[in-house]
Ligand SMILES: O=P(O)(O)OC[C@H]1O[C@@H](O)[C@@H](O)[C@@H](O)[C@@H]1O
C-alpha cells in the first residue's frame, strides 16, 4: 500500500502557544493557545503509535502514564511509553524525568498535594536535537519554551499528579498506582523504534510505520513530502531525503 499523508488535529492547551512552528498555522490572538498537533489515523483504525507536535509556553502538568499491563487492567488497549525529539528549546528549557531520590508512596502523595513534587523531580536541561525516551510509569513533566515531536504509544490517558493550580482534573490515586518511585533509568525494553534518517536514499520497512519529516523535504515512493507532515507507511517504502533534510521513521517493536 502506498504511503498516506495523515490529517492533523489541533488541540488547545493552557500551556500552549500562539506562535507555533514553520508549516503550522498560528491561532489568532483571540483564540486559545495550541499545545498539540496530532496526526491521527483514520477513524476506526487503532494503530500502535501516535505522532504529535507539542508547543509549550508553560510547564505541562507533573504526570504519569500506565504501562501495557496497568492500562489493560483499566480497560484500555495499551499503555503509553513516549519519546520526544526536541526541535527548539529556550536556553533554560528543561524536562523532568523521575524523582532525584527514591520516594515512598506517602512522600509522592504528600508532595503532589502540596506542590513540592516540582522540587523533588530531576529537571534536565534540554536543547534542540535531544532525543528522550520516557517509559510508562515515569513521573515526568515537559517544561516551558519547547517545540518537540512526540512519538507515543497510541493511548490518550494522562494521570495528572500536580498542575500548578490550573483548574484541571487531577488523578492522584490512579497516578500513584502506576508511578515508578525510583530515579529514572533508561528503558531496558522499548515499545517502539525511532530511526533518524539523513539526506539520501533509505528503504524503510514496517507492518505499520510513521514517517515524520523533520527538516526540509523529500519523496516517499515518488510522492513529495515536507517538514510538518506525517505519513503512514504499510510495508516497505523508499524515502529519498533532499540535501540538509532529516526525518524520523517510527514503528512498534514486535
Ligand atoms: O495534562 P497536560 O499537562 O495537558 O499534558 C498532557 C500531555 O503531556 C505530554 O507529556 C504528553 O504525554 C502528551 O501526549 C500529553 O497530551
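A short reminder: the numbers here are calculations on the coordinates, not readings from a lab. Since the model is a prediction, treat every value here as computed from it, not as a measurement. So basically every Cβ, Gly included, is an ideal-geometry build from the backbone, and we count neighbours across all protein chains shown.
Averaging Cα coordinates gives a centre for the range 18-57 and one for the range 91-130; these two points are 25 Å apart. Against the main long axis of the alpha-carbon atoms of the chain, helix 105-114 sits at an angle near 90°. Potential lengthening of the chain between residue 11 and residue 215 amounts to 71.2 nm, from the contour at 0.36 nm per residue minus the alpha-carbon distance. Using a cutoff of 8 angstrom between alpha carbon atoms and counting only pairs six or more residues apart, the relative contact order for the range 193-252 works out to 52 percent. For the range 129-187, averaging the sequence separation of C-alpha pairs within contact (under 8 Å, six or more residues apart) and dividing by the residue count gives a relative contact order of 46 percent. Express the relative contact order of the range 3-188 as a whole percentage, based on alpha carbon pairs under 8 Å and six or more residues apart in sequence. Taking the mean separation of contacting Cα pairs over the length of the range 3-188, I get 28 percent.
In this label model, residue 130 and residue 92 are separated by 1.5 nm, measuring between points 7 Å along each Cα→Cβ vector. The listed peptides 178-187, 225-234, ordered by packing as a protection proxy, come out as 225-234, 178-187 (highest mean of other Cβ atoms within 10 Å first). Indicate the gyration tensor shape class of the range 54-127 (rounded, prolate or oblate), computed on the Cα atoms with a ≥ b ≥ c the square roots of the eigenvalues: a/c under 1.5 is rounded; otherwise a/b larger than b/c is prolate and the rest oblate. It comes out oblate by the Cα gyration axes.
Mean residue ellipticity, 222 nm, helices only, the chain: the sum of -39500 (n - 2.57) across DSSP H runs of n ≥ 4, divided by residue count and rounded to 500, is -2500 deg cm²/dmol.
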